[in-house]
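Enquirer: Here it is, the structure, as structure tokens.
The values are calculated or read from the model by the stated rules, or taken from the named source; none is laboratory data. Predicted model, so just to flag it, every value in this text is computed and none were measured. All Cβ positions, glycine included, derive from the backbone under ideal geometry; neighbour counts span all protein chains shown.
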Amino acid sequence: MVANLIHFKLFTKIIKYSQTILFYPDECSNSTLNNCAGNNTSNCADTDGNFTCTCLDGFSGNGVSCVDINECDSSPCYANSSCINTFGSYSCQCNSGFYDAGGSCRGTQKICCCFFMCSGTFFRSRHFRC
């Protein structure tokens with residue numbers, strides 16, 4: 001039964017069980033004390049006398065070895081766009097000739113500036129579609 005838990009210094013925990021005092025290093029505070037993957041691919045969780053490693057979102061593996069998941073394999077982007085796999089994530093980019101319309105890629109339309117005559121008066125329109 002744990003009587004108390006005290007953080008001692010920066011890297012050591014003291015746990016008092018009855019009259020026995022056990023000193024456990026915080027393996028996660030120093031990468032030389034654990035074998036987690038590191039490189040912003042895994043998380044180390046300190047436990048009493050041990051630690052556990054888990055891969056972060058966007059990575060797969062056992063925590064000791066984590067590899068980037070290619071999210072583009074599951075086609076997460078919308079129509080008329082390309083998926084770009086990045087380290088631990090992905091991004092979508094509209095294909096050439098399309099623009100991002102907030103969740104979809106829409107085709108661009110050429111907008112010309114033209115003069116036309118209507119009822120004997122010249123008008124200038126930026127929205128005249130060629």
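Enquirer: The conditions are (1) among the hydrophobic types (A, V, I, L, M, F, W, C); (2) at pLDDT 55 or above; (3) not in a loop (DSSP other than H, G, I, E, B), and A3 fails exactly one of them. Which is it?
Expert: (2)
Enquirer: Does the range 34-55 hold any residues that are in a loop (DSSP other than H, G, I, E, B) and surrounded by 14 or more Cβ atoms within 10 Å (Cβ to Cβ), and which are they?
Expert: If the condition is that a residue be in a loop (DSSP other than H, G, I, E, B) and surrounded by 14 or more Cβ atoms within 10 Å (Cβ to Cβ), then N34, N35, C36, A37, T41 are the ones that fit.
Enquirer: Go over the candidates C83, C55 one by one and state the one that is modelled with pLDDT of 95 or more, within 24 Å of the chain's Cα centre (by Cα) and outside the structural domain of N40 (by TED's automatic domain parsing).
Expert: C83
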